[in-house]
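**Student:** Pasting in a structure now, in structure tokens, and then I'll have a few things to ask.
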Amino acid sequence: MIITKPYIFKVRYYETDKMGIVHHSNYIRWMEEARLDYLEQLGQRFDKLEADGVISPVVSVSCNYKISCIFGDIVEIKVKLIEYTGIRYVFEYEIVRAGSGETAATGRSEHCVINKDGHPVSIKRRFPAFDSLLSECVNRDKDCF
């Protein structure tokens, strides 16, 4: 069984605004960092996919803010893969202030898989082992959070 760990980090000063809270744009960046960490934990580095001629642009992204993170907070991002079709996948995120356990934000991102010319790429055909892994993760992750 595959086990992935949350992405954990400390809020940096430059991520905060004049009000002393994390600027909203950083949550989207954190989701990207967490997603790449999740894939790396599965053994699939994103730079390796790109070297193989495959890219995975964001099709849509959303973030629902609940409470603010501040400088020095320890943040834990839980990632789950909720949909995977072989050429498209969707992730959900829960961003938690680790000290209090409060959910600071939740998010979602959708991605397609294409070659550098913009044509769809079938992960199932091109990377069958990775396809099996992603399918297993969807089945495992659907009941998380």
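**Student:** Within the range 62-86, how many residues turn out to be among the aliphatic types (A, V, I, L, M) and under 13 Å from the mean Cα position of the chain (by Cα)?
**Tutor:** 4
**Student:** Further, regarding this structure: From V90, V59, V54, V22, grab the single residue that is over 27 Å from K116 (Cβ atoms) and touching a residue at least 12 places away in the same chain (Cβ under 8 Å). Spell out the reasoning first.
**Tutor:** Working: V90 fails: over 27 Å from K116 (Cβ atoms); V59 fails: over 27 Å from K116 (Cβ atoms); V54 fails: over 27 Å from K116 (Cβ atoms).
From the options V90, V59, V54, V22, the qualifying one is V22.
**Student:** Please count how many residues of the range 1-49 are among the β-branched types (V, I, T) and either under 21 Å from L81 (Cα atoms) or in contact with a His (Cβ under 8 Å, 6 or more places away or on another chain) (or both).
**Tutor:** Qualifying residue count, the range 1-49: 6.
**Student:** Now for a separate question. Report yes if G107 is touching a strand residue (DSSP E or B) at 6+ places or on another chain (Cβ under 8 Å) and at positive phi, otherwise no.
**Tutor:** So G107 does not fit the description; no.
**Student:** Sticking with this one: Quick test of your reading of the structure: S135 fulfils all but one of (1) more than 20 Å from H23 (Cβ to Cβ); (2) without any contact (Cβ under 8 Å) to a residue 40 or more places away in the chain. Name the failing condition by number.
**Tutor:** The number of the failed condition is (2).
**Student:** Something else now. Failed condition for E83, given (1) without any contact (Cβ under 8 Å) to a residue 24 or more places away in the chain; (2) under 29 Å from N115 (Cα atoms); (3) of a type in the set (D, E), with all others met?
**Tutor:** (1)
**Student:** Taking only the range 7-41 into account, find how many residues are surrounded by 17 or more Cβ atoms within 10 Å (Cβ to Cβ) and in a loop (DSSP other than H, G, I, E, B).
**Tutor:** The qualifying residues number 1.
**Student:** Additional query: Taking the range 100-126 on its own, how many of its residues are closer than 24 Å to I3 by Cβ and over 20 Å from the mean Cα position of the chain (by Cα)?
**Tutor:** Selection size over the range 100-126: 1.
**Student:** If F46 passes every condition in (1) in contact with an Asp or Glu (Cβ under 7 Å, 6 or more places away or on another chain); (2) more than 14 Å from W30 (Cα to Cα) but one, which one does it miss?
**Tutor:** Looking at each condition in turn, F46 falls short on (1).
Rule-based calculations on the coordinates, nothing more; no lab input. All of these numbers come straight from a predicted model, not from anything done at the bench. Note: ideal-geometry Cβ built from the backbone for every residue, glycine included; neighbour counts use all protein chains shown.
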